[in-house]
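Novice: One structure follows; several queries about it will come next.
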Amino acid sequence: MLLHKSFEQAARRLPGKVALVVGEQRITYAELHRQARVLSHALRSDGVEPGDRVLVMMDSGAQYAAAVHAVLMAGAVLVPVSAQTKAEKLTFLLSDTRATALLTHSLLSSHWQPALAHSALRSCRVHEASHHAGLEPDPRIRPWPDASDDAPETTVQRIDQDLAAIIYTSGTTGLPKGVMLTHLNMVSAWSSVQAYLGLRQDDVIGLALPLVYSYGLYNLLMGLGLGATVVIERHAAFPVRLAQTLEKERVTVLPGVPTLYASLLGLSGLERFDCRALRILTNAAAALPEAHVQRLRAAWPHAQLYLMYGLTECKRASYLPPEWVDSRPNSVGRGIPNQEHWLVDDEGRRLPNGSTGELVVRGSHVMQGYWERPEENAQRLREGPVPGQRVLHTGDLFRSDPEGYLTFVGRRDDIIKTRGEKVAPREVENAIYLLRGVTGCAVIGVADDKLGQAVKAYVTLAEGSELTEREIIRHCLARLESHMVPQAVDIVDALPRTESGKIRHASLR
Amino acid sequence: MQDIKAQVRQFIADNFIMGADGVALGDDDSFLEHQVLDSTGFLELISHLEESYGIKVLDDEMVPENLDSLSSVANYVARKQLA
């Protein structure tokens, strides 16, 4: 079964049903399917071959949803990229994937135009290209296909062992790495999640999460695959607006992360919004503080709260059944259906229940590896109990209780988790080192109530340099996605170093 | 009100779009659509407005109509100062 087949079936079964709500815009299944077909056809006519990588860099919305399905329908490999991605990183992603096409928006041209020059792209399809006069002439820049066109369904021969997506995640070396997922990996993860969550065709899924990362992307795919209605809320930065949308659209399923729930709970009088339709709340990406678990349960007692844990490399690895939330609010449960998992010690030995160790996951949802990164693959994917079959070493430390319920302890490496997203200190340090006057830099995560961890940089300067904390932050904002930008910078006289002269991050924590 | 607009433009330029990819932002351009501010950015903008203009941004006023462009911010702050 291919990943996009469920959506195509839903579109045939429910052509007149509203598939997507984006602000005032409502798009039916037939319309979204048509947009995806036309775009898929355009990609094929641009020379995109099955197995080619296609980057999609767009804001959340109907075009993004159409683009995701168009890439899959063309038999190509989806590479979703944040609309915040700056030119330098986009250049890297285009070259790392050797992508043949980019789907993007004219509003983001200051980010993609510089990257286009250095890429091997065959085409760059630009939404609302005509609204932007400043586009430099390049024969590869083409307008989004006309909204009134139609195209037949493309028949591209693919099997479920083919790659469906490469999703980039932060790597300890400072270079992002692409998680390779086949159609089978993604459909397997979807089936396991669906087995415990039980989403329905009559659900209204409120999606305020970024749709380029695993959590939001799967919710979009699952919602549209089921024939449900997906409400994309682009104004999650404004909690009142999100609460109004939950009420107005009678949202039944809200996937969230701790910062999203914190902003809703921060509203004075959340109960004045009628959210009785809500039946499922999910939390992932970082642990929800126990106090927020209790307040969410009090605010919306009719909704079931699922506390979950996952990582891009296998999408989901554990969930806590809602009936256990009140008695085990800190646990993420005992795995998901159709998965085996266990904890190992530093030597890789399997540990009994009641231990602390690294979580290892076995199942058909586990990624194929990182795109062209043999060293990191050897570290994360290792031979499991069945000869020739590889299992995922997550790099996440958990504690298990006597019954096997898992509680997250921390990362084995120095990756920072902030706002539910991973940040590699090296990637931030590399950006700061570009500043003239910086002689040393160390980036660490520090505990923060709202963010999980906040990104903090310690910097040493050359004699006479007058760089300020604010200038360093501003420099980072121009180069990095905003979740990677340090919340605080300390300019210090010296950084702690090891005998060999390497900066000792551990001494700063 | 022109003053407020110029000051807020300076704050945004200083803190969010200086550096590698400078963007010329129109008075009515959406900060969100141009990827200038995200949720954290809006929180910074709100604290800046509260500190600089002695206003209190209420929950219900924290909406794109008041905060998502230079013109909206200038209008909103001017209204608050009169109130």
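Novice: Once phi is turned into ³J(HN,Hα) by the Karplus curve 6.51 cos²θ - 1.76 cosθ + 1.60 with θ = phi - 60°, what whole-Hz value does each residue of the stretch A:270-279 show in order, with x for glycine and proline?
Specialist: 4, 5, 6, 8, 7, 10, 5, 6, 4, 10
Novice: Mind ordering A:48-61, A:67-80 by average Cβ neighbours within 10 Å, highest first?
Specialist: The peptides rank, most packed first, as A:67-80, A:48-61.
Novice: Express the accessible area of chain A per residue in Å², computed with a 1.4 Å probe while the remaining protein chains stay in the model.
Specialist: 39 Å²
Novice: With every atom except the alpha carbons ignored, what do you get for Rg and Dmax of the stretch A:275-395, in angstroms?
Specialist: Values for the stretch A:275-395 (Cα only, Rg and Dmax): 16.7, 51 Å.
Novice: OK, next. On the principal axes of its Cα set, how long, how wide and how thick is the protein assembly as shown? Give whole Å, largest value first.
Specialist: Here the Cα extents, ordered largest to smallest, are 66, 66, 53 Å.
Novice: Could you please tell me the mean projected area of the C-alpha convex hull for the stretch A:32-75, averaged over all directions and given in square nanometres to one decimal?
Specialist: 2.7 nm²
Novice: Defining a contact as two alpha carbons under 8 Å apart and six or more residues distant in sequence, what relative contact order in percent does chain B show?
Specialist: Values: 54 pairs, mean separation 36.1, N = 83.
Averaging sequence separation for qualifying contacts and normalising by length gives 44 percent for chain B.
Novice: Further question on the same structure: Give me the inter-chain shielding for A:103-112: mean count of other chain Cβ atoms within 10 Å, whole number please.
Specialist: Taking all residues of A:103-112 together, the mean is 2.
Novice: For the pair A and B, how large is the buried accessible area, both sides, in square angstrom to the nearest 100, if the probe is 1.4 Å?
Specialist: 2300 Å²
Novice: While we're on this one: In square nanometres, what is the average projected area of the Cα convex hull of the stretch A:364-464?
Specialist: 10.0 nm²
Novice: From the phi angles alone, apply the Karplus equation (6.51, -1.76, 1.60; θ = phi - 60°) to the stretch A:42-51 and give each ³J(HN,Hα) in whole Hz, x where the residue is Gly or Pro.
Specialist: 4, 4, 4, 6, 7, x, 6, 9, x, x
Novice: With N denoting the number of residues in the stretch A:1-111, provide Rg(C-alpha) divided by 2.2 N^0.38 Å, to two decimal places.
Specialist: Rg over 2.2 N^0.38 Å, computed on Cα atoms: 1.09.
Novice: A further question follows. With +1 on each Lys and Arg Cβ and -1 on each Asp and Glu Cβ, how big is the dipole of the protein assembly as shown about its Cα centre, in debye rounded to the nearest 20?
Specialist: 1280 debye
Novice: Could you name every residue in the stretch A:229-264 that has 40 Å² or more less accessible surface in the full protein assembly than in its own chain alone (probe 1.4 Å, ligands and nucleic acids excluded)?
Specialist: Flagged in the stretch A:229-264: A:Ala237, A:Phe238, A:Val240, A:Arg241.
Novice: Also: Counting alpha carbon pairs within less than 8 Å and at least 6 residues apart, what relative contact order, in whole percent, applies to the stretch A:382-477? Mind dumping the intermediate values first?
Specialist: On the way: 124 pairs, mean separation 17.6, N = 96.
Contact order relative to length: 18 percent.
Novice: Excluding residues on the same chain fewer than 8 positions from B:Lys5, give the lysines whose Cα lies under 19 Å from its Cα.
Specialist: B:Lys56, B:Lys80
Novice: Right, something else. Provide a whole-number value for the mean count of partner chain Cβ atoms within 10 Å of the Cβ atoms in peptide B:27-39. Could you put the intermediate results ahead of the total?
Specialist: Numbers: counts 0, 0, 1, 2, 1, 6, 7, 5, 13, 3, 2, 10, 12.
Mean shielding count: 5.
Novice: Which lysines have a Cα lying under 20 Å from the Cα of A:Lys422, excluding residues fewer than 8 positions away in the same chain?
Specialist: A:Lys86, A:Lys89, A:Lys177, A:Lys315, A:Lys450, A:Lys456
Novice: Please work out, to two decimal places, the log10 of the ratio I(q)/I(0) at q = 0.17, 0.21, 0.23, 0.26 Å⁻¹ from a Debye calculation in which every Cα of the stretch A:142-226 carries one identical scatterer.
Specialist: -0.99, -1.17, -1.19, -1.23
Novice: Here is a follow-up. Give me Rg over Rh for chain B, both radii from the alpha carbons and Rh done the Kirkwood way, two decimal places.
Specialist: 0.93
Novice: Taking the Cα atoms of the stretch A:212-357 alone, what are Rg (to one decimal) and Dmax (as a whole number) in Å?
Specialist: Answer for the stretch A:212-357, Rg first and Dmax second: 16.7, 54 Å.
Novice: If you don't mind, there's one more thing I want to ask. How large is the direction-averaged shadow of the alpha-carbon convex hull of the stretch A:53-194, in nm²?
Specialist: Numbers: hull surface 39.5 nm².
So the mean shadow area of the Cα hull is 9.9 nm².
Novice: Please report the antiparallel percentage of DSSP beta bridges with both residues in the protein assembly as shown, rounded to the nearest 5.
Specialist: Roughly 55 percent of the DSSP beta bridges within the protein assembly as shown come out antiparallel.
Novice: I need to check one value: relative contact order of chain A, counting alpha carbon pairs closer than 8 Å and at least 6 residues apart, in percent.
Specialist: Here the relative contact order equals 11 percent.
Novice: Can you tell me the alpha carbon radius of gyration of the stretch A:81-154 divided by the globular rule-of-thumb value 2.2 N^0.38 Å? Walk me through the numbers on the way to the answer.
Specialist: Numbers: Rg = 12.7 Å, N = 74, 2.2 N^0.38 = 11.3 Å.
So the stretch A:81-154 has a normalised radius of gyration of 1.12.
Novice: Give or take rounding to whole Å, what are the principal axis extents of the alpha carbon atoms in the stretch A:191-288, in descending order?
Specialist: Per principal axis, max minus min of the Cα coordinates gives 38, 27, 22 Å.
Novice: Of A:Leu288, B:Ala78, B:Asn66, whose Cα points farthest to the positive end of the dipole of the protein assembly as shown (charges on the beta-carbon: +1 Lys, Arg; -1 Asp, Glu; origin at the Cα centre)?
Specialist: Going by the charge dipole, the pick is A:Leu288.
Novice: List the aspartates and glutamates whose Cα sits under 13 Å from the Cα of A:Lys417, skipping any in the same chain fewer than 8 residues away.
Specialist: Within the straight-line limit of under 13 Å, A:Lys417 reaches these aspartates and glutamates: A:Asp396, A:Asp448, A:Asp449.
Novice: If amide H atoms are built 1.01 Å from N in the plane of the peptide, which residues on other chains or at least 5 residues away come under 5 Å of the amide H of A:Ala164?
Specialist: A:Leu181, A:Thr182, A:His183
The values are calculated or read from the model by the stated rules, or taken from the named source; none is laboratory data. Bear in mind that the values here come from a model prediction, so they are computed numbers and not experimental data. Methodologically, a virtual Cβ is constructed for each residue, glycine included, from the backbone with ideal geometry; neighbour enumeration extends over all protein chains shown. Ligands, DNA and RNA are stripped out before the accessible areas are found, and what is left, the full protein with its side chains, is counted by its heavy atoms. Shrake-Rupley method; radii C 1.70, N 1.55, O 1.52, S 1.80 Å.
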